[in-house]
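A.B. asks: Structure below; questions to follow.
The values are calculated or read from the model by the stated rules, or taken from the named source; none is laboratory data. Worth saying up front: this structure is predicted, and the values here are computed from it rather than measured. Ideal geometry is used to build each Cβ from the backbone, glycine not excepted, and the neighbour counts take in all protein chains shown.
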Amino acid sequence: MSPLEIGLVIFVVLLALFATGMPIAFALGAVSVGALMLTDGPDALETLSETFFAGLSSFTLVSIPMFILMGAAVASSPAGRDLYAALDRWLNRVPGGLVLSNLGACSLFAALSGSSPATCAAIGKMGIPEMRARGYPSDIAAGSIAAGGTLGILIPPSITMIVYGISTETSIGRLFLAGVLPGMLLTAIFMAWTIFACWRRGLGLSELTQHYTLRQKLEVLPRVLPFLAVIVGILYVLYGGIATPSEAAGVGAVFCLLLVIVVYRMVRAGPIIEIFRSTTKESVMIMLIIASSELFAFTLSSTFVTQSIAQWIADLEVNRWVLMAVINLFLLFAGFFLPPVAVILMTAPILLPIITAVGFDPYWFAVILTINMEIGLITPPVGLNLYVINGIAPDVSLGTILRGSLPYVGCMVFAIVLLCLFPGIVTWLPDLLMGPGR
């Protein structure tokens, strides 16, 4: 069999295992071991353990559980509620202000947690019942939260960006900077569509009669601003070259834990133990996927599948933008079936040499890839955010949630087009603060 035929068989078997519900890490490991045994025989087993643990040897990986701990601390406290309340009081004077408050809360919470499911769960538990109580249809209430939650993997500090940086050996600090303006742009596009949609349907107009005094608007800020200061501090020490991502993540996690204890009086052992339990569970899951993906990448390389795919794409005599369109379609399709971390670990090392060879910036490509992964989070059959929202609002059907989130898919596609036309939106801030670089 040719390498491309071997690769096709590997991916078909892998998708079949995913379809059975097998955990991603186990499916990747099983396919890798089976392929190596069939191609190299029992001797291949000698390198399996070394390759598996090599995937976990990077010190930068320490930042992942630290950022997860930071997000878990915030999600387990009333911080999300206070973010939501503050934005509701400041944005209630525009049509659909409550939906805008939820989107704004999602973007701020995303910066604190770096996780899309955590953002959906934290903001959705408060936002969806409140929006429905004020007369917003279920599709807008649920769809806006599902879409707003996707911002968690783009707005820094982002766990997805950390995984991309580790797998492609690119600067995590520069990746974080690259995601700032696109994250703000996408949030603004979401909000613009929301204002238009609510105005067209006459929603949220009753909120315009509700007034908050300046004191009411300011009284919640002291509980919110310390958490935002942690994010600003993390970004400052990263971009100022003061600390590594792992050090910044560790300090951020400690400060967030201290803040939830001091600000919200979370002094009982039960909530603290739950924070560490959820952190450990999610961290182990991601680490297993990373290690299994390293083994899977080694398998593809050993069977010359990676090299053959790269050569096939390189031999395509097409315009580089046509090539990018093909890659976007491929990433979009992959995102329909796999979570972002798995897609990045499996595809980024293959695609990065190709896109840099035709003149695309690797950090710009990271943002494009991430937005494609965001689309996958709110589209079936996987659509993780759809199921998270359905879990916290079980009386809202998946079809209703999907119908409400589809306009935001169009917003993301529009954002990708804008970033293709104006790549400086991504590269300007990293180049300004860290100097030109690849």
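A.B. asks: Can you tell me which of Ser113, Ser138, Ser107 is crowded, with 24+ Cβ neighbours inside 10 Å and modelled with pLDDT of 80 or more?
C.D. replies: Exactly one residue qualifies, and that residue is Ser107.
A.B. asks: Has segment 354-368 got at least one residue that is aromatic (Phe, Trp, Tyr), crowded, with 19+ Cβ neighbours inside 10 Å and over 29 Å from Leu288 (Cβ atoms)?
C.D. replies: Yes, segment 354-368 has at least one match.
So that you can scan it fast, the table gives a plain yes or no per residue for (1) in contact (Cβ under 8 Å) with a residue 40 or more places away in the chain; (2) in a helix (DSSP H, G or I); (3) of a type in the set (Phe, Trp, Tyr); (4) within 24 Å of Pro339 (Cα to Cα):
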site	(1), (2), (3), (4)
Leu103	yes, yes, no, yes
Ala118	yes, yes, no, yes
Gly127	yes, yes, no, no
Gly135	yes, no, no, no
Asp139	yes, yes, no, yes
Ser144	yes, yes, no, yes
Gly152	yes, yes, no, yes
Pro182	yes, yes, no, yes
Ile195	yes, yes, no, no
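A.B. asks: Follow-up question, since we're still on this one. One residue is enough: does segment 370-378 have a residue meeting the conditions surrounded by fewer than 20 Cβ atoms within 10 Å (Cβ to Cβ) and under 13 Å from Ala146 (Cα atoms)?
C.D. replies: Among the residues of segment 370-378, not one is surrounded by fewer than 20 Cβ atoms within 10 Å (Cβ to Cβ) and under 13 Å from Ala146 (Cα atoms), which makes the answer no.
A.B. asks: A follow-up question, please. Take the residues in segment 311-335 that are surrounded by 15 or more Cβ atoms within 10 Å (Cβ to Cβ) and farther than 23 Å from Pro380 by Cβ, then tell me which one is modelled with the lowest pLDDT.
C.D. replies: Filtering segment 311-335 for residues that are surrounded by 15 or more Cβ atoms within 10 Å (Cβ to Cβ) and farther than 23 Å from Pro380 by Cβ, the one modelled with the lowest pLDDT comes out as Ile313.
For (1) at pLDDT 85 or above; (2) surrounded by fewer than 24 Cβ atoms within 10 Å (Cβ to Cβ); (3) over 20 Å from Thr60 (Cβ atoms), each residue gets a yes or a no:
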site	(1), (2), (3)
Cys120	no, no, yes
Gly127	no, no, yes
Met131	no, no, yes
Ala146	yes, no, yes
Leu151	yes, no, yes
Ser158	no, no, no
Tyr164	yes, no, no
Gly179	yes, no, no
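A.B. asks: Kindly establish whether Phe52 is of a type outside the set (Lys, Arg) and at pLDDT 75 or above.
C.D. replies: yes
A.B. asks: Ok, one more. Right, Val284: within 17 Å of Ala25 (Cβ to Cβ) and at pLDDT 85 or above or not?
C.D. replies: yes
A.B. asks: Next question, about the same structure. Provide a single number: the residues in segment 399-438 that are under 21 Å from the mean Cα position of the chain (by Cα) and either at pLDDT below 85 or under 16 Å from Thr370 (Cβ atoms) (or both).
C.D. replies: Summing the residues that are under 21 Å from the mean Cα position of the chain (by Cα) and either at pLDDT below 85 or under 16 Å from Thr370 (Cβ atoms) (or both) in segment 399-438 gives 18.
A.B. asks: Can you tell me which residue in segment 154-172 is nearest to the chain's Cα centre (by Cα), limited to those that are of a type in the set (S, T, N, Q) and part of a loop (DSSP other than H, G, I, E, B)?
C.D. replies: Ser158
A.B. asks: I'd like the residue in segment 359-392 that is modelled with pLDDT under 85 and hydrophobic (A, V, I, L, M, F, W, C) and, out of all such residues, is farthest from Ile327 (Cα to Cα).
C.D. replies: Of everything passing the filter in segment 359-392, Ile392 is farthest from Ile327 (Cα to Cα).
A.B. asks: Within segment 26-33, identify whether any single residue is assigned to a helix (DSSP H, G or I), among the aromatic types (Phe, Trp, Tyr) and modelled with pLDDT of 85 or more, and answer yes or no.
C.D. replies: yes
A.B. asks: Now for a different question. Among the candidates Phe67, Phe53, which residue alone is of a type in the set (Phe, Trp, Tyr), touching a residue at least 24 places away in the same chain (Cβ under 8 Å), in a helix (DSSP H, G or I) and crowded, with 19+ Cβ neighbours inside 10 Å?
C.D. replies: Matching residue, one of Phe67, Phe53: Phe67.
A.B. asks: Spot the failing condition for Ala249; the list is (1) at pLDDT 85 or above; (2) touching a Ser or Thr at 6+ places or on another chain (Cβ under 7 Å); (3) aliphatic (A, V, I, L, M), and only one is missed.
C.D. replies: (1)
A.B. asks: Among the residues that make up segment 250-269, is at least one of them small (Gly, Ala, Ser), in contact (Cβ under 8 Å) with a residue 60 or more places away in the chain and buried (at least 20 other Cβ atoms within 10 Å of the Cβ)?
C.D. replies: Yes.
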